[in-house]
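Undergrad: Sharing a structure with you now.
The values are calculated or read from the model by the stated rules, or taken from the named source; none is laboratory data. In this text, all values refer to a predicted model and were calculated from it rather than measured experimentally. Positions of Cβ are generated from backbone atoms using ideal geometry, with glycine treated the same way; all protein chains shown enter the neighbour counts. Heavy atoms of the whole protein, side chains included, go into the accessibility calculation; ligands, DNA and RNA do not. Shrake-Rupley method; radii C 1.70, N 1.55, O 1.52, S 1.80 Å.
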Amino acid sequence: MRYAFNLARRRELQKKVTCVDKSNIIGAHRFFRECFARVGRREFPEIKLDYAYVDAFCQWQIRNPECTTWSLVRIWWDIISDNGATTAGGLGLAVGGNIGDEHAMVEPIHGSAPKHAGKDKANPLAAILAVQMMLEWLGTRHEDPRLHRRAAGRSCRRGPPQRGKTLTYDLIGEAKASRCSEVGAAVEEKLRIMA
């Protein structure tokens, strides 16, 4: 919980943390919600506390994908992360993290995609963004600003054509698609420019 609040404090976007649970029917979630409120009110009074039931949160997430909120999620992360990935462009862009103050485990959310093995076709951005998330966590943990890089997000963004030109088939379609190795090279080039 404290990590989520500290992250909201550092990011200075909405100064809000949403506790997503099912406390209306699961007793353990009521306890979790109470702990969330206690920690938030005592230690992070400038951060707005927000609450949502997981089913309502998923609906809100699909209706308003542009809204940025750091959400503190219990057992629903898999469902919510897939929803978020879909609204952001697909699983090829989705990263998940189990993050705390002392330890972190980050990973691309997508599966192994064996049908694309050896074809230089799969989207590498989720794996690259997972490394980015890990480096940001390490940078914060060890107070090392050199580790805070955003090259992957800047060089290969989904959106209007002027934003990202090096995109895989899942983001732009087969006809205009770049190969996995080309996307990797675009990210590498952006990192070299930033260095």
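Undergrad: Which members of the stretch 1-50 meet the condition of being open to solvent by 80 Å² or more (accessible area, probe 1.4 Å), more than 26 Å from Glu136 (Cβ to Cβ) and either in contact with a Cys (Cβ under 7 Å, 6 or more places away or on another chain) or part of a helix (DSSP H, G or I) (or both)?
TA: Arg30, Phe31, Glu34, Arg38, Arg41, Arg42
Undergrad: Here is a check on your reading of the model: is Glu188 at pLDDT 80 or above, open to solvent by 40 Å² or more (accessible area, probe 1.4 Å) and not in a helix (DSSP H, G or I)?
TA: no
Undergrad: Which of (1) surrounded by 13 or more Cβ atoms within 10 Å (Cβ to Cβ); (2) modelled with pLDDT of 85 or more; (3) part of a helix (DSSP H, G or I); (4) not acidic (Asp, Glu) is the odd one out, the single condition Phe57 does not satisfy?
TA: (2)
Undergrad: Are any residues in the stretch 106-131 open to solvent by 30 Å² or more (accessible area, probe 1.4 Å), within 13 Å of the chain's Cα centre (by Cα) and at pLDDT 85 or above, and if so, which ones? Break it down into steps so the answer makes sense when it comes.
TA: Going through the stretch 106-131, the residues open to solvent by 30 Å² or more (accessible area, probe 1.4 Å) turn out to be 106-115, 117-122, 127-129, 131.
Right, trim to within 13 Å of the chain's Cα centre (by Cα) and you get 106-110, 127-129, 131.
Answer for the stretch 106-131, where residues must be open to solvent by 30 Å² or more (accessible area, probe 1.4 Å), within 13 Å of the chain's Cα centre (by Cα) and at pLDDT 85 or above: Val106, Glu107, Pro108, Ala127, Ile128, Leu129, Val131.
Undergrad: Just for the stretch 132-148: of the residues that are on the phi < 0 side of the Ramachandran plot and not in a helix (DSSP H, G or I), which one is nearest to the chain's Cα centre (by Cα)?
TA: His148
Undergrad: On to the next question. Restricting to the stretch 107-128, count the residues that are farther than 20 Å from Ile79 by Cβ, aliphatic (A, V, I, L, M) and part of a helix (DSSP H, G or I).
TA: 3
Undergrad: If the Cβ limit is 8 Å and pairs must be 6+ apart or interchain, which residue in the stretch 104-125 that is without any contact (Cβ under 8 Å) to a residue 24 or more places away in the chain pairs with which residue that is of a type in the set (Val, Ile, Thr)?
TA: Note: pairs meeting the criteria are Met105/Ile99; Glu107/Val95; Pro108/Val95.
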